[in-house]
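Asker: Supplied in structure tokens, the structure appears directly below.
The values are calculated or read from the model by the stated rules, or taken from the named source; none is laboratory data. Since we're looking at a predicted model, the values are computed, not measured. We place every Cβ from the backbone using ideal geometry, glycine too, and count neighbours over all the protein chains shown.
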Amino acid sequence: MRRAIYPGSFDPVTNGHLDIIERGCKLFDEIIIAILVNPDKKPLFTIDERREMLVEVTAEIKSGDCRLVVDDFQGLLVQYAIEREADAIVRGIRAISDYEFELQMALMNRRLEPRIETVFMMPAEAYSYVSSRLVKEVHSLGATIEGLVPPSVEARMREKFGKI
Ligand code: PNS
């Protein structure tokens, strides 16, 4: 039984995240999608909203026999990974620009907890420029985000920004 943690802010979940989860499902028996509770950030969506969206959209993806669990965590990621008896942390890398910071985090996490491996995965090219931050920015400025996030997330974004 191979279990991975897929951590992130997921504010909100994008089609790029879902692409990584689908790919991760080919490697792991269980993926725990873990939302970071970060008191230093001012997110658009609450933890409950992000959790609801993730549960909704992951129910619709091709996960095969892989079990998908949505959870949230505080504090050190590797500590959470050990508590959940995970083998690996999955992170998506879109471009070389992501790599530098991701490498730093992966090596720090390895130093803190050598039992946990980090697995980098590449999303489909179509999502290589998609980030939660840009999705929020272009939507708030009136542009369409169709195809970048699942339709249910798009609807929630419209509600948030008062564009129903
Ligand atoms: O979606 P994000 O914001 O890129 O995810 C970043 C995340 C949650 C993976 C990272 O901030 C994290 O792991 N935070 C938990 C605190 C921690 O363990 N810090 C040490 C990392 S080396």
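Asker: Does at least one position in region 60-69 carry a residue that is crowded, with 21+ Cβ neighbours inside 10 Å and out of contact with any Phe, Trp or Tyr (no Cβ under 7 Å at 6 or more places or on another chain)?
Answerer: no
Asker: Looking at the structure I just gave you, is Met121 closer than 17 Å to Gly8 by Cα, out of contact with any Phe, Trp or Tyr (no Cβ under 7 Å at 6 or more places or on another chain), touching a residue at least 24 places away in the same chain (Cβ under 8 Å) and away from the ligand (no atom under 11 Å from the Cβ)?
Answerer: Details: closer than 17 Å to Gly8 by Cα: yes; out of contact with any Phe, Trp or Tyr (no Cβ under 7 Å at 6 or more places or on another chain): yes; touching a residue at least 24 places away in the same chain (Cβ under 8 Å): yes; away from the ligand (no atom under 11 Å from the Cβ): yes.
When the stated conditions are applied, Met121 passes them.
Asker: So which of Asp19, Asp40, Asp11, Asp48 ends up being more than 25 Å from Asp87 (Cβ to Cβ) and part of a helix (DSSP H, G or I)?
Answerer: The unique qualifying residue is Asp48.
Each row is one residue, and each column tells you yes or no for (1) of a type in the set (Gly, Ala, Ser); (2) away from the ligand (no atom under 12 Å from the Cβ); (3) touching a strand residue (DSSP E or B) at 6+ places or on another chain (Cβ under 7 Å).
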{"position": "Leu44", "(1), (2), (3)": "no, yes, no"}
{"position": "Ile47", "(1), (2), (3)": "no, yes, yes"}
{"position": "Val69", "(1), (2), (3)": "no, yes, yes"}
{"position": "Val78", "(1), (2), (3)": "no, no, no"}
{"position": "Phe101", "(1), (2), (3)": "no, no, no"}
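Asker: Filter region 91-103 for residues that are surrounded by 13 or more Cβ atoms within 10 Å (Cβ to Cβ) and either closer than 18 Å to Ala34 by Cβ or without any contact (Cβ under 8 Å) to a residue 60 or more places away in the chain (or both) and give the result.
Answerer: As a first pass, look at region 91-103 and keep what is surrounded by 13 or more Cβ atoms within 10 Å (Cβ to Cβ): 91-94, 98-99, 102-103.
Matches in region 91-103: Arg91, Gly92, Ile93, Asp98, Tyr99, Glu102, Leu103.
Asker: Further question on the same structure: Name every residue in region 152-164 that is modelled with pLDDT of 95 or more and either surrounded by fewer than 11 Cβ atoms within 10 Å (Cβ to Cβ) or of a type in the set (Val, Ile, Thr) (or both), in order of residue number.
Answerer: Val153
Asker: How many residues, within region 7-42, are at pLDDT 95 or above and either near the ligand (Cβ under 9 Å from one of its atoms) or of a type in the set (A, V, I, L, M, F, W, C) (or both)?
Answerer: Qualifying residue count, region 7-42: 20.
Asker: Starting from region 64-90, keep only residues that are among the polar types (S, T, N, Q), then list their pairs with residues that are at pLDDT below 95 and more than 9 Å from the ligand (Cβ to nearest atom) whose Cβ atoms are within a distance under 9 Å, requiring at least 6 positions of separation or different chains.
Answerer: Sorted first by the residue in region 64-90, then by its partner, the pairs are Gln74/Pro39.
Asker: Determine if region 49-61 includes at least one residue that is free of Cβ contacts under 8 Å to residues at least 60 places away in the same chain, within 11 Å of the ligand (Cβ to nearest atom) and touching a helix residue (DSSP H, G or I) at 6+ places or on another chain (Cβ under 8 Å).
Answerer: Within region 49-61 (the criterion being free of Cβ contacts under 8 Å to residues at least 60 places away in the same chain, within 11 Å of the ligand (Cβ to nearest atom) and touching a helix residue (DSSP H, G or I) at 6+ places or on another chain (Cβ under 8 Å)), the answer is no, since none of the residues qualifies.
Asker: Quick one: which of Arg50, Arg84 is touching a Phe, Trp or Tyr at 6+ places or on another chain (Cβ under 9 Å) and surrounded by fewer than 18 Cβ atoms within 10 Å (Cβ to Cβ)?
Answerer: Arg84
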